[in-house]
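Shown next, in structure tokens, is the structure this report addresses.
The values are calculated or read from the model by the stated rules, or taken from the named source; none is laboratory data. None of the values given here were measured: they were computed from a predicted structure. All Cβ positions, glycine included, derive from the backbone under ideal geometry; neighbour counts span all protein chains shown. Remember, those area values only see protein heavy atoms, side chains included, never the ligands or the DNA or RNA. Shrake-Rupley method; radii C 1.70, N 1.55, O 1.52, S 1.80 Å.
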Amino acid sequence: MPAASSHPPVPTRVSESRPVGDPVTGASLAVSRSVSLLLVVGPIVSLVCVLVPLWGHVVQLRDVLLAVAFYVITAFGITVYHRLFTHRSFTANRVLKVALAGAGAMALEGAPIGWVANHRRHHMFSEHAGDPHTPHGFGAGVGDQLRGFVHAHCGWIFSPDFTPTERFARDLLADRDLVMVNRLFPVFAILSLGAPFALGWAMSGTLPGAVSALIWAGLLRMALLHHVTWSVNSVCHTFGKRPFVTKDRSTNFAPLALLSLGDSWHNFHHAHPSAARHGALRHQIDPSAMLIRTFERLGWVRGVRWPTAAQLA
């Protein structure tokens, strides 16, 4: 369906005193902000520490291969579990369900149930009061728009999280497997960084080789995936095309399609959130949908909600 000729109205700035969720204590807020700062700034510091001594030297191939492997595992983890747990786009068998939850946890974007609750809240209030990371409503000036973009990209993670899981993810709280993965999130976080270190040590036989693998396949891989995911919040609500009519400004941004494994086809996703394929048009590459199709053919998933002819008409 052709997009409407005008944009939806600009919403009012989301209030920091959001109307949902439980109060956050000063101590817990300080800890949360410290962890967020570490996740945002830490990889950048690591990059500087690596590039200075390695300037003029060749990066080890094993570090590149490990980084690609861990990026693919954790990126598919977050994109496919997004479609499975947040939107119920398909049903997975128990082993695959737990595996996807674990891989998504290793993306280090938060414990699964909280992540899902936050994302469902984004869809419920998209670009209006209650949306945790809208880039709109900060003002009409260039500086205001830049501030909104930064807020949508990563600034929002420094704000108190008032998203109640009991309201937005009650179904997941009733799933014992997901509750278990949620409780074990610190273990998956350690595994996400510890596995590259251990593999680097095993492949190089040296401590510097292990540290190098940790930096490239652990910290920098994590940072790249974070910024790609955050770009769906910021870039894909600001730039790009809108071939489908939605009540917000969600867009498709083709340059991010491969890195985001199909999640940057955000306009169709907001038009039909439960569809298992986000890149619904013929020329749109959606690796996450391809993986779901493979799981379907193997008999590991069922009830896949593929885009219908009526949705695409």
Which pairs turn up if I take residues in segment 291-313 that are assigned to a helix (DSSP H, G or I) and look for partners that are of a type in the set (Ser, Thr, Tyr) with beta carbon separation below 9 Å, at least 6 apart in sequence or on another chain? Leu291/Thr79; Ile292/Ser89
Residues being open to solvent by 20 Å² or more (accessible area, probe 1.4 Å) and over 28 Å from Gly155 (Cβ atoms): count how many of those fall in segment 208-234. 3
Does segment 104-120 contain at least one residue that is among the acidic types (Asp, Glu) and either within 30 Å of Leu214 (Cα to Cα) or free of Cβ contacts under 8 Å to residues at least 60 places away in the same chain (or both)? yes
Residues within segment 185-201 that are open to solvent by 70 Å² or more (accessible area, probe 1.4 Å) and over 21 Å from Val64 (Cα atoms), tallied: 2
Out of segment 238-252, which residues are small (Gly, Ala, Ser) and crowded, with 22+ Cβ neighbours inside 10 Å? Ser250
Pick from segment 71-95 the residues that are in a helix (DSSP H, G or I) and open to solvent by 20 Å² or more (accessible area, probe 1.4 Å): which of them is farthest from Trp216 (Cα to Cα)? Arg94
Hits in segment 141-181 - residues which are closer than 30 Å to Val98 by Cβ and among the β-branched types (Val, Ile, Thr): Ile157, Thr163, Thr165, Val179, Val181
Could you check segment 256-269 and list, in sequence order, the residues that are open to solvent by less than 40 Å² (accessible area, probe 1.4 Å) and over 15 Å from Leu312 (Cα atoms)? Leu256, Ala257, Ser260, Leu261, Gly262, Asp263, Ser264
Tell me, which residue of segment 103-130 that is more than 27 Å from Ala67 (Cα to Cα) and among the hydrophobic types (A, V, I, L, M, F, W, C) is most open to solvent (accessible area, probe 1.4 Å)? Met124
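Results for (1) closer than 21 Å to His128 by Cβ; (2) modelled with pLDDT of 95 or more; (3) open to solvent by 40 Å² or more (accessible area, probe 1.4 Å), shown as yes or no for each residue.
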residue: Cys236; (1), (2), (3): yes, yes, no
residue: Ala254; (1), (2), (3): no, yes, yes
residue: Ala271; (1), (2), (3): yes, yes, no
residue: Pro287; (1), (2), (3): no, yes, no
residue: Val301; (1), (2), (3): no, yes, no
residue: Ala310; (1), (2), (3): no, no, yes
residue: Ala313; (1), (2), (3): no, no, yes
